[in-house]
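Worksheet for the structure shown next.
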Amino acid sequence: MGRKTARSSSLAEVYRFSGLGCMFAASVMVFLGGGWLLDRWLGTLPVFMTLGALLGAAMATYSIWRRLREPEP
């Protein structure tokens with residue numbers, strides 16, 4: 001019985017961390033897309049797209065750091 005509990009808790013950790021990875025990727029993609037749209041509108045192609053990717057990565061990193069610091073339920 002103890003082995004099954006250990007396995008289910010390790011699967012829960014896998015799901016938790018893969019969810020954080022998906023959140024990071026989605027955040028970067030959303031800000032990258034927003035920067036790309038802004039660049040197409042203003043005619044400054046790589047500027048806001050690069051800034052959007054960096055901003056998305058920074059915000060996602062902060063969000064992940066905050067979630068990892070909070071205690072597990």
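If we scan the stretch 35-43, do we find a residue that is modelled with pLDDT under 90 and loosely packed, with under 12 Cβ neighbours inside 10 Å?
No, the stretch 35-43 contains no residue that is modelled with pLDDT under 90 and loosely packed, with under 12 Cβ neighbours inside 10 Å.
Scan the stretch 33-73 residue by residue and report those that are among the small types (Gly, Ala, Ser) and within 11 Å of the chain's Cα centre (by Cα).
Once the filter is applied, which keeps residues that are among the small types (Gly, Ala, Ser) and within 11 Å of the chain's Cα centre (by Cα), the stretch 33-73 yields GLY56, ALA57, ALA58, ALA60, SER63.
Just checking, does the stretch 7-17 include any residue being exposed (fewer than 11 other Cβ atoms within 10 Å of the Cβ), among the β-branched types (Val, Ile, Thr), modelled with pLDDT under 95 and over 13 Å from MET59 (Cβ atoms)?
Scanning the stretch 7-17, I find at least one residue that is exposed (fewer than 11 other Cβ atoms within 10 Å of the Cβ), among the β-branched types (Val, Ile, Thr), modelled with pLDDT under 95 and over 13 Å from MET59 (Cβ atoms), so the answer is yes.
The values are calculated or read from the model by the stated rules, or taken from the named source; none is laboratory data. Because the structure is a prediction, the values reported are computed rather than measured. Cβ: placed from backbone, ideal geometry, glycine included. Neighbour counts: every protein chain shown.
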